[in-house]
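Contents: one structure, followed by commentary.
The values are calculated or read from the model by the stated rules, or taken from the named source; none is laboratory data. Just so we're clear, the structure is a prediction, and the values are computed from it rather than from any experiment. Because the Cβ atoms are built from the backbone with ideal geometry, glycine has one as well, and the counts that use them run over all protein chains shown. The area values use the complete protein model at the heavy-atom level, side chains included, leaving out ligands, DNA and RNA. Shrake-Rupley method; radii C 1.70, N 1.55, O 1.52, S 1.80 Å.
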Amino acid sequence: MIRVVVGDLRSRSEEAVMRPIRSDLAPTTVASRDLAAAAGDEVRTRLEAVGRLPVGGAVITPAGNLPSSFLIHVVGSAEDEPQTPYTIQRALKNGLRRAADWGVASLALPPLGISVGTMEAEEAARTLVEVLVDHLNEGQPPLELTVVVATPYEEQILTQLVSGTGYACEAAPGDG
């Protein structure tokens, strides 16, 4: 199932939340920065102990002070490598693999690539939905995916794409 909601990732209670970062561990969006701040210093310390990550990489940590159990940090860009549909695809696939490795049942994620400004919103949304559908077709966890968007515009784009997949779920009320 794929659900699209307008809300705030910091308040999501899915088992895991995906967080976009650069290879140097810097947040790529305001939402990613806010998520890290809400998670707390313990999560930051654990992530820093991992060190630089390759573009397309993903690492899982405890979620700290968040209502979720885990944070999955996915690397969609580097200081010298912009975010592209390919890097988003790699990062998202690897993040979903980490979730499957840990048996995560439910995952909340932002609309990777949409808010950065280096990709067209429709292109980023199409890339995201294609990867999510491919993942669900494999039958591996997580099978409950919630894309948490910031605006009605993002919600509209993603809802239209998801509605044609056969994995659409009635939109749940947002949390923000």
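Among the listed residues 51, 40, 64, which satisfies the condition of being in contact with an Asp or Glu (Cβ under 6 Å, 6 or more places away or on another chain) and over 30 Å from residue 166 (Cβ atoms)? Even if it seems obvious, please write down each step before you answer.
Details: 51 fails: in contact with an Asp or Glu (Cβ under 6 Å, 6 or more places away or on another chain); 40 fails: in contact with an Asp or Glu (Cβ under 6 Å, 6 or more places away or on another chain).
Answer to the selection: 64.
Name the pairs: first residue in the stretch 65-91 and closer than 20 Å to residue 38 by Cα, second residue of a type in the set (S, T, N, Q), Cβ to Cβ under 6 Å, at least 6 apart or on different chains?
67/13; 71/61; 75/23
Within the stretch 46-54, identify whether any single residue is open to solvent by less than 20 Å² (accessible area, probe 1.4 Å), among the β-branched types (Val, Ile, Thr), without any contact (Cβ under 8 Å) to a residue 60 or more places away in the chain and more than 16 Å from residue 112 (Cβ to Cβ), and answer yes or no.
Within the stretch 46-54, none of the residues are open to solvent by less than 20 Å² (accessible area, probe 1.4 Å), among the β-branched types (Val, Ile, Thr), without any contact (Cβ under 8 Å) to a residue 60 or more places away in the chain and more than 16 Å from residue 112 (Cβ to Cβ).
Which of the helices (runs of 4 or more DSSP H) found entirely inside the stretch 76-172 contain at least 2 residues meeting this: open to solvent by less than 50 Å² (accessible area, probe 1.4 Å) and closer than 14 Å to residue 28 by Cβ? Spell out how you get there, then give the answer.
Details: elements: 85-101, 121-138, 152-163.
Here the list reads 85-101.
Scan the stretch 57-68 for residues that are farther than 12 Å from residue 98 by Cα and in a loop (DSSP other than H, G, I, E, B) and report the count. Lay out the reasoning, then the answer.
Step one: filter the stretch 57-68 for residues farther than 12 Å from residue 98 by Cα, giving 62-68.
Narrowing further to those that are in a loop (DSSP other than H, G, I, E, B): 63-68.
Matching residues across the stretch 57-68 total 6.
This table checks each residue for (1) part of a helix (DSSP H, G or I); (2) surrounded by 19 or more Cβ atoms within 10 Å (Cβ to Cβ); (3) at pLDDT below 95; (4) in contact with a Cys (Cβ under 6 Å, 6 or more places away or on another chain).
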| position | (1), (2), (3), (4) |
| --- | --- |
| 19 | no, yes, no, no |
| 32 | yes, yes, yes, no |
| 36 | yes, yes, no, no |
| 42 | yes, no, yes, no |
